[in-house]
Amino acid sequence: MTRISTSNPAPRAANWSTIYTGVALTTMATLLMELTLTRIYSVIFYYHFAFLAISVALFGLGAGGVFSYVVNGWQGTLYQKLGRLAALNSVSVVASLVFLLTRQGNPGNLELVVIYFFSALPFLLAGAIVSLVISETIERVERVYFFDLIGAAAGCLLLIPLLDTFGGPNTVIAVAVLFAATSAIWYNLAREFSGRVAAVALALALTALFVFNIRLNWIDIRYAKGMTLANEQFVKWNSFSRIAVSKEGGTNLPNIVIDADAATGIFTQNHNTMSEASRKSILNGGPGLPYKLKPGAKALIIGPGGGWDVSRALASGSKDITGVEINPIIATTVMREKFPNLSHNLYLRPEIRIQVEDGRSFVRRSPEKYQVIQATLVDTWASTAAGAFSLSENNLYTSDAFYDYLSHLSDDGILAFTRWGFDPPRESLRLLSITIEALERLGERNPAQHVIVAREGSNQIKGWGATDTVIFSRKPMSGAFVQQAIASMKESNMEVIYVPGTDRRTPFQELLTTVDRETFFANYQYNVTSVNDNRPFFFYTVQPKDIWNFLFTDSKENADYKINRAVPMLFGVLLVSLVATLVTLLLPPLVLGQRLPQDRRLRLFLLYFVCLGAGYIMIQVSLIQKFVLLLGHPTYALTVIIFSMLISSGLGSFYSKRIVNNNAERLRIVLLLIVILVPVLGFFAGLVSDLGPAWPLPLKMAVSVLLIAPLGFLMGIPFPTGLGTLESWEKSAVRWGWSMNAASSVLGSALAIFFAIYLGLYQTLVLGGLLYLVAAWIYRSTYEQARS
């Protein structure tokens, strides 16, 4: 058997526990910065820029590994260099934040490049710090990498309370404090008194800035999406939104604004004194249609926001209304604590029960059936940190979700979804596609008898403003019900787009009556095929055949540019990540000149780290999305999956030397076990998601951790083992391998979304696992042959 050599002498270290602490604080601060940046990008720009923030961070870390070669030539000891880098990083964090928050107007391409550079600078410096430490402590790389991952896991846990308590900008300032503290740690190891004093003074100054900024908001978001934020009476952050209460221009009516973009008006009329005419008037329009058809219905409202749909149900005579709102700031802080007077205590009425939960998760665990289930324009155009990986995935709008909804309707019940109306239709037509599939699973073979489509604001169909309300019935609609619906639509001045039996030719009528749906989908201008939980990209409507044209067309020409403008960014990040990986592969030899061996097998061996980096992130992204259904919220999925993977991978790293024991055959077995366990975990993730909707949250979290831990443990072994191998081959190339791993994570995150869109989450998970098989082949084809 081939042995992995680790014969290089160990570097001298002043205090291993202090080194571990410095590494852990660095990676904690780095992950906090990365995930907070996704939230800030989503507010200042648009939701899909959160995905750009992830690529900025990972690219910066990879570039930092290359930059460490330059730092290595600086004057001073290792710890002095680390102290300077950490101090410089604490300043760069604040500087990049101020630069980001002071941008006005929508950035052009050149300004985006500048923003990218400033945002990447803190990650570049952090990457240089970690790369230097790992390369100079290679004899304990398994322990250093363990504390690297433990620190990142701690950052993942701290993210939610920091954002909830202090908001995005202040969390970034807290990151600057952490970097200043690590600077003091490094200078303490260097035994440099002046540097230690300067670092402590810097940390205290930044702490003072943090404290004063909480009260005075010196550094805050004042410009977003090309607009000045004004008339904001109240602002609060959490891990997946920035909620503001503001006055709507011209009408002075209160609005709840999510991430400075999506808004939900607060219903301000008093139901106790409302006239009959007012009750009838609020039932006009698409969202009021289900309550004209089912007055007094037992209703479930997904995403009630400021209470308009709740008020419509109440005005129709409903006495049993359940509202499921995912955002606790909206449901609790605004509507029931800070501003209940604006809605005349609407959410405190006895007829209304408000649940703070993901709508899909609530439906899956609820034993009740409803006469009306409603969702009106439920999308926030905001990105969770998890959603940053996946552009605009939404598990509310899949055929599996609609199967759940329809299964929770009474026999006379209806499902009412209101989406933006476009010409030609996209979102509302895709609702038909997914519902057809769900109805057929329920044994309903004639979906054309289950659907009504009504349009409001037809004069605004070319832009934003028109809405389509699609009504689905659990059982075929009777003739009397259809006539009642037509009369109600005419009474509300709505356009009748489709009812059962109509001969008006529209895309809705064609889809419902065609005998060849596949041909219809292939010939239609947009991609409106059904989506399921494995491919939950409801809003992605670009036909594969049109991608090339779409990439080179001004997306603002399309009314749905907010959705599909993410497509050029995805492909752009794919291109940039490929270039970044190539640059990282080619640049160190230019920096080091002849100091690296000319053996071509060394460069091929570096692709081992590319496979590990891309494979790890592809598996992680897929698992986050797979476990959303079980855990019931993207934030829970992000926290539980990333935390459990980091902790278990850290433990795998810690024990990697004992497990592998310089034995290449054992490393191959570990890599093959990863390949086998990945699809097995994907299968069990789906199984527990089906079995566990009613489980208590702590049990769901515990099961998730137990499922992920074995795979995560094994995935923590190959990277430090590979670095040890690289060190025995050429010590100066260790930082090179670390850089390749970080840079390839950018590639992996982009590939994960690309494959998830076109193949599915499970397939993406398996592909990530197969990269570990490629890593095993690379190891055998390079290092083992070179040492044989």
How much accessible area does F267 have with a 1.4 Å probe, in Å² rounded to the nearest 10? 0
Using amide H atoms built 1.01 Å from N in the peptide plane, name the residues 5+ places from E248, or on other chains, whose amide H lies under 5 Å from its own. L253, N255
Just need the relative contact order of segment 652-788 here, percent rounded to a whole number, with Cα pairs under 8 Å and 6+ apart. 40
Rounded to the nearest 10 Å², the accessible area of K338 using a 1.4 Å probe with every protein chain kept is 120
Report the extension gain between N217 and E337 in nm, rounded to one decimal, defined as 0.36 nm multiplied by the number of residues separating them, less their alpha carbon distance. 40.9 nm
Under the Karplus curve 6.51 cos²θ - 1.76 cosθ + 1.60, θ = phi - 60°, whole-Hz ³J(HN,Hα) for segment 466-474, x wherever Gly or Pro sits: 6, 10, 10, 9, 10, 9, 10, 9, 5
List D411, D148, ordered by accessible area with a 1.4 Å probe, largest first: D411, D148
When only C-alpha pairs under 8 Å and at least 6 residues apart count, what is the relative contact order of segment 398-473, in percent? 41
Below 12 angstrom from the Cβ of W237, what's the summed charge of the other residues (Lys, Arg +1; Asp, Glu -1)? 0
Take every DSSP beta bridge with both residues inside the chain and express the antiparallel ones as a percent of the total, to the nearest 5. 65
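Rounded to the nearest 500 deg cm²/dmol, what is the calculated helix-only ellipticity per residue at 222 nm for the chain, with -39500 (n - 2.57) per DSSP H run of length n ≥ 4?
Mean residue ellipticity at 222 nm (helix-derived): -19000 deg cm²/dmol.
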H344: accessible area at probe 1.4 Å, nearest 10 Å²? 80
Quick one: what are the phi-derived ³J(HN,Hα) couplings along segment 329-341, Karplus 6.51/-1.76/1.60 with θ = phi - 60°, whole Hz, x for glycine and proline? 5, 6, 5, 10, 4, 7, 7, 10, 10, 7, 10, x, 5
Counting all C-alpha pairs of segment 38-154, share separated by more than 18 Å (%): 56
So which helices of the chain fit the span-like rule, where a helix is a whole DSSP H run, its Cα atoms reach 24 Å or more along the axis, and its mean Kyte-Doolittle is at least 1.6? 49-71, 109-136, 193-216, 566-592, 664-691, 697-715
Quick one: accessible area per residue over segment 654-766, 1.4 Å probe, rounded to a whole number of Å²? 34
State the percentage of accessible surface on the chain attributable to carbon and sulfur atoms; use a 1.4 Å probe and exclude ligands, DNA and RNA. 59
Amide proton proximity set for F234, modelled H, under 5 Å, gap of 5+: V245
Place a +1 charge on the Cβ of each Lys and Arg in segment 259-311 and a -1 charge on the Cβ of each Asp and Glu, then give the dipole magnitude about the Cα centre in debye, rounded to the nearest 20. 380
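Counting only protein chains, not ligands or nucleic acids, how are V56, V197, V378 ordered by accessible area (probe 1.4 Å), most first?
V197, V378, V56
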Checked segment 654-732 against the a/c 1.5 cut and the a/b vs b/c comparison, axes a ≥ b ≥ c from its Cα gyration tensor; verdict prolate
Please compute the per residue accessible area over segment 66-127 with all protein chains in place, 1.4 Å probe, rounded to a whole number of Å². 42
Taking θ as phi - 60°, what are the ³J(HN,Hα) couplings along segment 415-422 by the Karplus curve (6.51, -1.76, 1.60), each to the nearest whole Hz, with x for Gly and Pro? 10, 10, 10, 10, 10, 5, x, 10
Positive-end residue of T21, L677, L638, charge dipole of the chain with Cβ unit charges: T21
Search the structure for amide H atoms under 5 Å from the amide H of D220, placed 1.01 Å from N in the peptide plane, and list their residues when 5 or more places away or on another chain. none
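Rounded, prolate or oblate, given the Cα gyration tensor of segment 268-321, with a/c below 1.5 counting as rounded?
In terms of gyration-tensor shape, rounded.
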Suppose R0 equals 22 Å. What FRET efficiency, 1/(1 + (r/R0)^6) with r the Cβ-Cβ distance, do Y758 and E518 give to the nearest 0.05? 0.80
Using a Förster distance of 22 Å, how high is the FRET efficiency between V91 and M227, based on the Cβ-Cβ distance and rounded to 0.05? 0.15
Computed lengthening from N549 to R504, 0.36 nm per intervening residue step minus Cα-Cα distance: 13.0 nm
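The values are calculated or read from the model by the stated rules, or taken from the named source; none is laboratory data. Treat the numbers as computed from the prediction; the structure is a model and nothing was measured. In this analysis, Cβ positions are derived from the backbone assuming ideal geometry, glycine residues included, and neighbour counts consider all displayed protein chains. To get the accessible areas, we keep the full protein, side chains included, count just its heavy atoms, and leave off ligands, DNA and RNA. Shrake-Rupley method; radii C 1.70, N 1.55, O 1.52, S 1.80 Å.
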